[in-house]
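Q: Before we start, here is the structure in question, set down as structure tokens.
The values are calculated or read from the model by the stated rules, or taken from the named source; none is laboratory data. Remember, predicted model here, so these are calculated numbers, not experimental data. We place every Cβ from the backbone using ideal geometry, glycine too, and count neighbours over all the protein chains shown.
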Amino acid sequence: MTLVIEESRVVEIWVDGRAPLIGLHDYDWGETDPDANRDAEGLPFSPINWKGPAWALGLSLYPPEQEDNPMAQPALKTLPLEQLHISKLNMRHNRKAPDVSDILPSIREKGIRQTLLVRPEGDGYGVVAGRRRFHALQVIAAETGKSIAVPCAIMEADDDAAAVEASLIENVARLPATEMEQYNAFGKLAHAGRTVEEIAGHFGVTDLKVRRILALANLSSPIRALYAKDEIDPETIRALTLATKDQQADWLALFRSETERAPMGRACKAWITGGATITTDKALFDLAIYEGKVAADLFGETGVFAEADTFWKAQSAALAAKVETYIDAGWRNVEVLERGKYFASWEYLKRPRTKGGSVIVEVRDDGTVTFHEGYITQAEARKLEKRARPDGDAEAADTKPEMSGPLAQYIALHRHGAARTTLLGHPGIALRLMVAHAMVGSALWTVRRHDFLARKEDIQASVEASRAAAEMRAAGDHVRSLFDAHGVASLRANGDAYHLSEVFAALLEMNDAETLTVLAFVMADTLEAGGPVVEAVAVATETDMAAYWKPERVFLDLVRDKRAINAMVADIASPSTAKAALTDTGKAQKELVWNRITGEECEANPGWRPGWMQVPPTRLVTNAGSPPADAWVRIASLFTSGEDEASPEDQSVAEQDAA
């Protein structure tokens with residue numbers, strides 16, 4: 001029995017899906033009934049058996065014209081099987097015959113124990129409830145070749161609503177109906193004011209099942225119609241319950257298109273959520289403090305993040321904190337793979353933390369983050385094995401360099417250009433440097449000029465177009481004009497004695513200022529690129545790298561190490577921005593750096609310079625190999641006071657280099 005009570009008054013009674021006859025206790029305290037009965041507590045009452053309609057007592061929501069429920073007192077009659085067919089109001093009308101093997105033996109032996117519920121339809125009767133029993137009887141009739149008399153309860157012919165309810169009760173209690181059939185039936189009760197709990201209790205199913213079925217109400221009518229025709233699979237229809245009306249319209253247009261294809265199944269769910277479906281169980285962060293939207297998925301055990309970008313910002317920040325935890329715990333390196341890149345275990349060897357093992361972080365497109373602890377690449381393993389041999393070559397550092405070869409050359413040439421150009425304004429320093437070259441020698445002290453020939457055309461073009469190169473060309477023109485004024489028409493490095501005497505004679509005729517100008521140019525023109533000497537010149541001359549080099553696209557294109565790229569993001573933007581972008585591709589992070597430089601939706605910062613282009617230079621990744629930083633660390637103590645010396649981590653690299 002189900003009672004619905006409002007304001008201390010029973011307003012609805014249901015027993016087996018209908019309003020019953022009602023028994024009442026009239027408590028008149030014995031004033032009108034001298035033979036009153038007494039209840040368990042000894043209170044007097046008069047029993048009343050109410051045989052009228054329940055609505056007349058205010059106990060039913062049935063209006064008078066509907067109170068005479070034909071389901072309450074159906075007529076009982078035995079009908080020939082030939083006069084029966086499946087009613088058009090049966091939930092499984094027009095469906096293929098069901099499997100009745102489980103009930104056939106019992107019906108063969110004892111017949112059917114429960115009447116079929118039928119209603120007059122055409123020349124016969126339509127089976128509203130009892131479809132499986134009807135098909136079992138047809139099987140037996142075919143086997144015996146005899147007509148079978150079937151006990152039936154006959155409903156009124158014009159009560160379609162009662163027939164639908166009877167069919168639903170029959171089918172939900174036994175074999176599951178299709179979701180659309182259940183939606184139509186549950187929806188009728190929901191529109192009549194029934195709650196989810198009442199519908200679930202009425203049919204003996206869970207609240208979640210009712211909510212899932214009623215979620216189909218979020219779908220547009222055309223999509224529900226396609227599902228009813230089995231043109232859309234259940235996984236797709238469940239994904240579409242998460243879609244907005246506009247998304248449903250877009251999906252329907254794709255489905256009807258002759259040239260495009262609508263996403264189905266898991267792809268449909270990803271399409272609705274704007275990418276790979278990311279469920280809440282993938283989050284590394286606390287969902288309680290998450291500021292983005294989470295869509296409830298009635299057909300899954302977890303929610304779904306509605307905004308992929310917001311999720312990845314929060315996930316990246318949490319991942320960055322986790323990486324810091326690993327570093328603090330003593331892991332040598334934590335490498336975060338690009339999102340979507342799989343961890344290929346065959347490319348690595350197991351190596352514990354105490355023996356230089358790293359943590360490899362795998363980030364899937366669906367938000368899954370896996371931490372593979374204690375691995376080292378095959379290439380690193382070979383280097384360590386080679387270093388361990390008695391005749392092996394000792395390497396400067398135990399970590400992956402932060403620069404590729406072309407990038408290191410790019411940085412070295414630009415730094416060389418800036419340092420030697422600054423040398424033009426310091427002839428005294430140039431003189432002393434030239435004496436040092438004469439005494440010690442160098443790779444260029446043959447003597448020959450430095451020709452910057454890069455392997456990549458874009459590096460060559462960048463250096464040639466730089467301010468440093470322009471000033472060097474201007475200085476060379478000035479020096480040639482000085483010799484031209486003294487009768488030397490051309491300057492050639494051919495080693496010819498006569499020409500050497502010719503140049504020497506011209507220099508003897510120049511004053512000190514002119515001579516020192518020539519000397520500074522020659523020293524600058526013969527300064528070796530890369531290595532500690534360029535760094536020493538840059539520090540001694542207080543070279544303003546910002547005046548000679550500005551960030552450009554070719555520079556960012558050459559940066560490959562994601563750790564270095566992320567460090568640039570932290571420097572030009574903020575550490576929090578770098579954490580949020582940690583799982584983004586290197587290309588996306590470099591674009592972020594470029595936007596900060598050029599002022600794309602923010603204040604431009606054209607004067608920004610990475611640590612590689614500072615004086616003195618600094619590495620972007622702790623302990624990573626960095627040619628300019630390594631070169632400076634090797635000589636830093638010669639040019640700085642004790643408090644300005646290199647950090648311990650850089651010093652260790654320098655000591656290894658010296659070894």
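Q: Please state which one of 215, 173, 177, 161 is of a type in the set (Gly, Ala, Ser) and at pLDDT 65 or above.
A: Criteria check complete, one pass: 215.
Q: Could you check how many residues of region 71-106 are at pLDDT 85 or above and closer than 21 Å to residue 146 by Cβ?
A: Result for region 71-106: 8.
Q: Could you please find all residues in region 603-613 being surrounded by 15 or more Cβ atoms within 10 Å (Cβ to Cβ) and under 12 Å from residue 549 (Cα atoms)?
A: 608, 609, 610, 612, 613 - these are the residues of region 603-613 that are surrounded by 15 or more Cβ atoms within 10 Å (Cβ to Cβ) and under 12 Å from residue 549 (Cα atoms).
Q: Go through 575, 606 for me and flag whichever is farther than 18 Å from residue 403 by Cα and either among the charged types (D, E, K, R) or within 29 Å of the chain's Cα centre (by Cα) (or both).
A: Of 575, 606, the one residue that is farther than 18 Å from residue 403 by Cα and either among the charged types (D, E, K, R) or within 29 Å of the chain's Cα centre (by Cα) (or both) is 575.
Q: Hey, another quick one. Residue 557: in a helix (DSSP H, G or I) and either under 30 Å from residue 309 (Cα atoms) or without any contact (Cβ under 8 Å) to a residue 24 or more places away in the chain (or both), yes or no?
A: yes
Q: Within the set of pairs 6+ apart or on separate chains, which have a first residue in region 566-591 that is within 16 Å of residue 554 (Cα to Cα), a second that is in a helix (DSSP H, G or I), and C-beta atoms under 6 Å apart?
A: 568/593; 586/562; 586/565; 589/565; 589/569; 590/556; 590/565
Q: Give region 540-569 a look and list any residue that's surrounded by 18 or more Cβ atoms within 10 Å (Cβ to Cβ) and of a type in the set (A, V, I, L, M), or say none.
A: 545, 556, 558, 559, 564, 565, 567, 568, 569
Q: Can you name the condition, by its number, that residue 152 falls short on among (1) modelled with pLDDT of 70 or more; (2) of a type outside the set (S, T, N, Q); (3) in contact with a Ser or Thr (Cβ under 8 Å, 6 or more places away or on another chain); (4) outside any strand (DSSP E or B)?
A: Evaluating residue 152 over (1) modelled with pLDDT of 70 or more; (2) of a type outside the set (S, T, N, Q); (3) in contact with a Ser or Thr (Cβ under 8 Å, 6 or more places away or on another chain); (4) outside any strand (DSSP E or B) leaves (4) as the failure.
Q: Please verify whether region 322-329 includes one or more residues that are at pLDDT 80 or above and either in the same structural domain as residue 250 (by TED's automatic domain parsing) or touching a Leu at 6+ places or on another chain (Cβ under 9 Å) (or both).
A: yes
Q: Suppose we keep only residues that are of a type in the set (Val, Ile, Thr) and more than 48 Å from the chain's Cα centre (by Cα) within region 504-557. Which one would you say is farthest from residue 418 (Cα to Cα)?
A: In this case the residue turns out to be 515.
One line per residue, one yes/no per condition, for (1) in contact with a strand residue (DSSP E or B) (Cβ under 8 Å, 6 or more places away or on another chain); (2) under 23 Å from residue 414 (Cα atoms); (3) in a loop (DSSP other than H, G, I, E, B):
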| position | (1), (2), (3) |
| --- | --- |
| 593 | no, yes, no |
| 601 | no, no, yes |
| 607 | no, yes, yes |
| 619 | no, yes, yes |
| 630 | no, yes, no |
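Q: Can you find a residue in region 534-545 that is touching a residue at least 24 places away in the same chain (Cβ under 8 Å), in contact with a Lys or Arg (Cβ under 9 Å, 6 or more places away or on another chain), over 30 Å from residue 611 (Cβ atoms) and not hydroxyl-bearing (Ser, Thr, Tyr)?
A: no
Q: OK, next. Note down all Cβ pairs under 7 Å where the first residue falls in region 302-313 and is at pLDDT 85 or above, the second is assigned to a helix (DSSP H, G or I), and they're at least six residues apart or on different chains.
A: 313/580
Table: residues versus (1) over 27 Å from the mean Cα position of the chain (by Cα); (2) surrounded by fewer than 16 Cβ atoms within 10 Å (Cβ to Cβ); (3) of a type in the set (Phe, Trp, Tyr); (4) modelled with pLDDT of 75 or more.
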{"site": "182", "(1), (2), (3), (4)": "yes, no, no, no"}
{"site": "234", "(1), (2), (3), (4)": "no, yes, no, yes"}
{"site": "244", "(1), (2), (3), (4)": "no, yes, no, yes"}
{"site": "251", "(1), (2), (3), (4)": "no, no, yes, yes"}
{"site": "262", "(1), (2), (3), (4)": "no, no, no, yes"}
{"site": "268", "(1), (2), (3), (4)": "no, no, no, yes"}
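Q: Just one of the numbered conditions (1) surrounded by 14 or more Cβ atoms within 10 Å (Cβ to Cβ); (2) of a type outside the set (Ser, Thr, Tyr); (3) not in a helix (DSSP H, G or I) is not true of residue 416; which one?
A: (3)
Q: Shifting gears a bit: Can you find even one residue in region 511-530 that is closer than 26 Å to residue 638 by Cα, among the β-branched types (Val, Ile, Thr), part of a loop (DSSP other than H, G, I, E, B) and touching a Ser or Thr at 6+ places or on another chain (Cβ under 8 Å)?
A: no
Q: May I pose another question? Restricting to region 332-357, name every residue that is part of a loop (DSSP other than H, G, I, E, B) and over 16 Å from residue 562 (Cα atoms).
A: Selection gives 332, 342, 343, 344, 351, 352, 356, 357.
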